[in-house]
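Taking it in order: structure first as structure tokens, then the write-up.
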Amino acid sequence: MKTKNKRARKLMRAHKRAPVNRSQYQPIILLPVFILVLAKLGFNKLRTPQKLLGRLQIHIAKLTGNAWFPVTEPSLPYMQALAEELEETIHKIEAGDKSFIPHRQTLVMKVENAIRKLSYDIQNLSNGNEEMIKSAGFDVQQGRSATKPVGEVMHLTAEPVGPGRVILRWKKIAYSRMNFIEITDNPATGNWKPLDKTGKSSFIVTGLTPGVLYYFRVYGSNSLGDSNPSEPAEQRSL
């Protein structure tokens with residue numbers, strides 16, 4: 001009886017060791033290491049409306065006749081009109097008409113949003129090509145190396161936080177270096193439009209039309225590629 005029990009314990013120990021022993025003969029796969037090149041915004045350096053206007057004008061000049069980016073989002077005519085309106089408003093305030101200060105602040109927010117959207121578009125169209133990104137007037141920054149594919153986007157929610165404002169939240173995306181947000185008012189068409197990007201796990205969408213039902217989705221990205229988009233989250237704007 002003791003011999004049988006001893007033999008059984010020996011077989012059990014061998015069985016437990018087997019997975020470890022087999023792993024010793026599995027080949028080690030080394031994933032390639034890439035460096036992610038990102039368009040750099042640097043809004044912290046643009047502390048005055050005049051400097052922000054200058055930044056927008058640089059992008060306009062760089063994109064005019066740029067063969068790499070014949071069409072962008074926002075469009076070149078839209079950015080030109082926005083720059084002209086902000087420049088005119090600044091001149092009116094400098095001439096002494098302080099009633100335009102609130103309008104100037106509104107334009108400043110529009111310009112910042114336009115530059116953010118432009119950086120998103122340039123990043124996608126260039127596929128991280130540093131030369132192309134710089135040709136559009138952006139500086140670049142090197143992201144950390146990525147050795148694993150981006151995980152799935154989980155638990156995306158959308159909640160109203162005021163008139164025309166919705167906050168999106170989602171679980172932190174594994175191995176994502178940048179998270180991209182898309183929007184549509186009809187997911188059945190498949191016409192998802194790029195909205196913005198963030199390195200965080202939440203984002204406040206602004207400028208929505210009251211009463212309209214919107215759908216949002218998020219996907220993560222690193223130098224190895226993009227994740228699948230999340231399941232859409234819907235919310236009607238207040």
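A simple count of charges around Ala136, restricted to other residues whose Cβ falls under 10 Å of its Cβ and scoring Lys, Arg +1 and Asp, Glu -1, yields +1.
Of the peptides 160-171, 127-138, the order by per-residue mean of other Cβ atoms within 10 Å, starting with the highest, comes out as 127-138, 160-171.
Here's how it looks for Phe69: its modeled amide H is under 5 Å from none belonging to a residue 5 or more places away or on a different chain. Neighbour counts of C-beta atoms inside 10 Å place Thr48, Thr157 in the sequence Thr48, Thr157, starting with the fewest. For Tyr214, the residues whose modelled amide H falls within less than 5 Å of its own, excluding neighbours fewer than 5 places apart on the same chain, are Gln235, Arg236, Ser237. Remark: the range 37-142 projects, on average over all directions, an area of 6.3 nm² (convex hull of Cα atoms). For Val140, nonlocal amide neighbours, meaning residues 5 or more places apart or on other chains whose placed amide H falls under 5 Å from its own, are Lys40.
Listed peptides 112-118, 228-234 appear in the order 112-118, 228-234 once ranked by packing, highest mean of other Cβ atoms within 10 Å at the front. Suppose each label sits 7 Å from its Cα in the direction of the beta carbon; what would the Thr106-Gln50 distance come out to in nanometres? Roughly 2.5 nm, to one decimal.
The ranking of Ile58, Ile122 from fewest to most other beta carbons within 10 Å of each one's beta carbon is Ile58, Ile122.
Set the Förster distance to 41 Å, then compute FRET efficiency between Ile204 and Lys134 from the Cβ-Cβ distance, nearest 0.05. The computed FRET efficiency comes out at 0.85.
Bear in mind these aren't lab numbers, they're just calculated from the coordinates by the rules spelled out. In this text the structure is predicted, and so the values were computed from the model without any measurement. For neighbour counting, all protein chains shown are included, and Cβ atoms are generated from backbone atoms with ideal geometry for every residue, glycine included.
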